[in-house]
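No lab work stands behind these numbers, since they all come straight from the coordinates. Please read all numbers here as calculations on a predicted model, not as lab measurements. Every residue, glycine among them, receives a Cβ derived from its backbone with ideal geometry; neighbour counts consider all protein chains shown.
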Amino acid sequence: MLLIFVALVGMSTHTDLCSAEEAEGNFVAYENPTTIEERNLTFNMEQNVSGNGFFSAYKYSLMPDDLGPAGHKNNGVEAKMKAHGSGKMDMASIMYAESSYLNRTWINGAYDEDGKIIEDEEDSTSIIQTKEDGQMTHSPSALTVGSGYYTAHPLIFKSLFSDETKIMNRDTFSSIHNRVERAQGLDINLETDLDYKNTSMNLNEDMINGNAHFSAIRRAGNSVDPENDDSEEDETDEAEPPVLGPAMKAWHEPTLMMETDYTGTYHIETNLKLYTEEEDPDEEEDYWLPCCSGGFLDMNLLEQFEKKSARGIFDCTCFLVPKAAQFSKI
């Protein structure tokens, strides 16, 4: 049985090689099947609210990025929105969030209509978009809750308006924060946009007798320290003093930081966009010849040692063409 099995394996392998050779010469477009791994998470909320009384709202979304930095705490985009107050309110808000992953692999390779090899595909999407447009005017609100005692003694809400939006991009280590507290009136138009390389907030607000805060920060690295090594330590070793970790250094040494605070009645317009795009560096080449176009000067420093480089083998001095021949014709 074992010998028969080996013979069959050999025949099968030979058949695969032949089919691959035939495909290169006489291919059939998209002939081979694929393996596909696909995941998608989408959240979409549109809300319109108007009325008079007391309100409290909280919205939160975290969309991971499978191709971003490793670790669930270090990648993806995140948005948090909170608001509360008593009085008259007319508010429209939108929150859209999406996280998707696609991995398509061609079994034994495949060709397109032009005969070119189809590359395997891996893609990930992480997006959050929010919008808030509304007006709020503070006034005490008396609300009857339940029955019995509270029917004759309604609750009085005197909460001033508070509205807060914070967006965080874990892929680019960026965050933008806007907060209004204890305001008697607020007219706000705010839009945010987040993806794997873009973090932006457009703000236009009128605040009456309140406190406003706007800030942005971009760190040089992760805001979370890597997990500790699980390797066993010698119990006889003395405990080492704590050292400032990479995460704390990133917070103390940001590449960008801004912060503004306002108290009173203000009209505030702020448009901020943090954009990051990384490109693969061009490959460095050492041009040995011709010498007159750089040559030896463009070589790496370690390659310029005597007897181990162009200088030790031949003279790399630029050659000037003489106006007349050095030797006469015979």
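Where Lys and Arg each count +1 and Asp and Glu each count -1, what net charge lies around residue 211 among other residues with Cβ under 10 Å from its Cβ?
Around residue 211, the charge tally is 0.
Tally Lys and Arg at +1 and Asp and Glu at -1 over the other residues with C-beta under 13 Å from the C-beta of residue 45: what net charge comes out?
The answer is -1.
Arrange the peptides 188-199, 151-162 so that the one whose residues have, on average, the most other Cβ atoms within 10 Å appears first.
Ranked from most to least packed, the peptides come out as 188-199, 151-162.
Go through 88/273; 131/197; 59/197 and tell me which ones have a Cα-Cα distance over 26 Å in this structure.
Exceeds cut-off: 88/273.
Report, by chain and number, residues whose modeled amide H sits under 5 Å from the one on residue 200, excluding near sequence neighbours (fewer than 5 apart, same chain).
Those lying under 5 Å, H to H, from residue 200 are 193, 274.
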